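Okay, so here's the structure we're looking at.
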Amino acid sequence: MTAAPHTPSTTGIALTGEGLRLAYGERVVADGLDLDIPAGKVTALVGPNACGKSTALRALARLLKPAAGAVHLDGRDIAGLPPRELARRLALLPQSPSAPDGITVRDLVARGRTPHQRWWRQWSAADEALVDRALAATGTASLADRSLDELSGGQRQRVWIAMTLAQDSPVLLLDEPTTYLDLAHQVDVLELVAHLNRTAGRTVVMVLHELNLACRYADHLIALREGAVAAAGPPARIVTPELVREVFGLRAAVIACPVAGTPLVIPEGGLRDGGDRLSQG
């Protein structure tokens, strides 16, 4: 028995943040931030370090309560959703997830089914099928009986994504899913994300540092600068030399990628605005 994949509508907005004031104590990261996440698309949050990307994702996941404003999922304020209901509708892979020592791949992936368990509904054949499907979709079925501790960084990241897939939520949030991975494994993980979006219709929001990879794998970009949206839209429309200079402080040319046709950012001599930082000591 295999459950049918979710197929959210590709029109409208799946997830929104309206007038968000996000802060850690007295330190305000964003004020009046509006975020519109298109349903059924892959959206990447991009921008320089400390611009508020991960903070915004934490707010969308209800890990950070806004001091003002609200996050809505299909029109409902997530602040009022019971935790299990939210987890059934929205899955999060944080930046540095942790797991018990010695846990096997299958046991970790099975934890994705926790939001669906009740005292009157224990583990079922349907749960087992969803775990098997998540392992197969991420290419980790052959690792099912191995300890997570034994795996490479790229393998572990695939297993964590498998766990979020087993959660079977139509919205998937990924905080820097390619961090600490080499280029080949970064591409591998992003190819997987794109495949999951195409085949299951999941709405994906991910924080990425590498702008060229974001342009290649995201349908929609939200470029953040100092806690505000500098631009939002399809990469081919918004990624220009002017945007790169405004958001990243980097002089660059933007050409069409010869492989994918998506915007390709080429720094001009590695210089930032304000002169050569390397020569300033």
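Laboratory data are not the source of any read-out in this text; all were calculated from the coordinates shown. The structure displayed is predicted, hence computed values, not measured ones. Cβ sites come from the backbone with ideal geometry, for glycine too, and all protein chains shown count toward neighbours.
General remarks:
- Filtered residues of segment 155-206 (kept if assigned to a strand (DSSP E or B) and of a type in the set (A, V, I, L, M)): V171, L172, L173, L174, V204, V205, M206
Every residue, every condition in (1) surrounded by 19 or more Cβ atoms within 10 Å (Cβ to Cβ); (2) hydroxyl-bearing (S, T, Y), yes or no:
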position	(1), (2)
V131	yes, no
A134	yes, no
G139	no, no
M163	yes, no
L174	yes, no
H195	no, no
L208	yes, no
Y217	yes, yes
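- Checking each residue in segment 217-255 for being in contact (Cβ under 8 Å) with a residue 24 or more places away in the chain and over 23 Å from the mean Cα position of the chain (by Cα) picks out R245, G249.
- When D168 is tested against the conditions (1) buried (at least 21 other Cβ atoms within 10 Å of the Cβ); (2) more than 24 Å from V109 (Cβ to Cβ), the lone failure is (2).
- Within segment 68-99, the set of residues being crowded, with 16+ Cβ neighbours inside 10 Å, part of a helix (DSSP H, G or I) and of a type in the set (G, A, S) comprises just one member, A87.
Okay, residues lined up against (1) in contact with a Gly (Cβ under 8 Å, 6 or more places away or on another chain); (2) in contact (Cβ under 8 Å) with a residue 12 or more places away in the chain; (3) of a type in the set (G, A, S):
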{"site": "A134", "(1), (2), (3)": "yes, yes, yes"}
{"site": "G153", "(1), (2), (3)": "no, yes, yes"}
{"site": "M163", "(1), (2), (3)": "yes, yes, no"}
{"site": "M206", "(1), (2), (3)": "no, yes, no"}
